[in-house]
1. Can you tell me how many residues in the stretch 67-78 are more than 16 Å from the ligand (Cβ to nearest atom) and crowded, with 17+ Cβ neighbours inside 10 Å?
2. Residue 160 passes all but one of (1) over 21 Å from the mean Cα position of the chain (by Cα); (2) in the same structural domain as residue 86 (by TED's automatic domain parsing); (3) modelled with pLDDT under 95; which number fails?
3. In the stretch 214-235, what count of residues is obtained for those that are within 13 Å of residue 197 (Cα to Cα) and within 18 Å of the chain's Cα centre (by Cα)?
4. Counting only residues that are closer than 21 Å to residue 169 by Cβ and more than 10 Å from the ligand (Cβ to nearest atom), how many does the stretch 10-30 have?
5. Looking at 188, 218, can you tell me which residue is in the same structural domain as residue 79 (by TED's automatic domain parsing) and touching a helix residue (DSSP H, G or I) at 6+ places or on another chain (Cβ under 8 Å)?
6. Could you please find all residues in the stretch 202-222 being closer than 25 Å to residue 183 by Cα and at pLDDT below 90?
7. Hey, any hits in the stretch 110-127 for a residue that's at pLDDT 95 or above, over 12 Å from the mean Cα position of the chain (by Cα) and assigned by TED's automatic domain parsing to the domain that holds residue 171?
8. Enumerate the pairs (first residue in the stretch 28-45 and under 22 Å from residue 179 (Cβ atoms); second residue anywhere and away from the ligand (no atom under 11 Å from the Cβ) and assigned to a loop (DSSP other than H, G, I, E, B)) with beta-carbon separation below 8 Å, excluding pairs fewer than 6 apart on the same chain, so at least 6 apart or on different chains.
Ligand code: BTN
């Protein structure tokens with residue numbers, strides 16, 4: 001029988017499960033593991049932002065060593081967004097879409113964010129360690145004012161512990177499979193099918209540059225193919241976008 005790569009550690013409260021994973025790796029030499037918390041006091045988001053983590057949610061981070069170089073971080077995160085969307089849908093019956101790069105949306109509100117951190121040259125062969133943090137808003141209210149129009153929950157009232165456990169179990173099992181097949185796993189067609197930005201008019205934010213464009217495709221590496229207002233085609237590999245609402 002195949003041995004599970006991941007042991008799961010659970011805490012009621014932590015600062016950040018990504019930090020738990022980092023400490024386990026840097027201070028205790030752990031190579032693989034899953035760190036789960038019921039709540040976080042200092043949840044981290046992308047681009048140095050914080051991630052609100054005080055409602056009934058799943059806050060978990062997966063630590064693993066990989067031969068994939070740090071340049072594959074987008075590929076890993078994109079594949080994980082498909083995995084998490086599929087698990088949520090299977091367990092809850094609720095259909096979630098993906099907003100490029102890797103935010104999951106349910107009924108126009110963000111219900112899940114993913115933050116991947118890479119620790120380069122972490123073993124004698126120069127391979128990196130990856131930490132993939134996943135935050136899922138399950139149920140509850142009380143989002144801070146600035147998030148009220150953006151963040152949402154999967155369940156209006158409450159969620160059972162069984163559903164929570166099933167989602168965590170599904171993600172851990174999916175990770176085992178994903179890491180064995182990342183090079184040959186065709187997640188991009190599933191990613192395209194779940195995209196909520198394909199065909200949409202968007203605004204792109206890259207550093208100080210803000211411009212409008214239309215999304216015409218997602219390439220095989222997860223890049224966003226856009227057509228600018230001047231009619232030029234470009235591929236975005238990073239940055240932020242918002243969907244423009246038509247009047
Ligand atoms: C984002 O939307 O900007 C990414 C948010 C990632 C949040 C998760 S919650 C579990 C893990 N621990 C953290 O501190 N962050 C990630």
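The values are calculated or read from the model by the stated rules, or taken from the named source; none is laboratory data. Because the structure is a prediction, the values reported are computed rather than measured. In this analysis, Cβ positions are derived from the backbone assuming ideal geometry, glycine residues included, and neighbour counts consider all displayed protein chains.
1. Taking the stretch 67-78 first, the residues more than 16 Å from the ligand (Cβ to nearest atom) are 67-72, 75.
Remaining after also requiring crowded, with 17+ Cβ neighbours inside 10 Å: 68, 72, 75.
Matching residues across the stretch 67-78 total 3.
2. So residue 160 meets the others, but not (3).
3. 4
4. Residues in the stretch 10-30 being closer than 21 Å to residue 169 by Cβ and more than 10 Å from the ligand (Cβ to nearest atom): 5 in total.
5. Just a single option satisfies the conditions, and that option is 188.
6. Hits for the stretch 202-222 are 220, 221, 222.
7. no
8. 32/5; 32/6; 32/7; 33/6; 33/7; 34/6; 34/7
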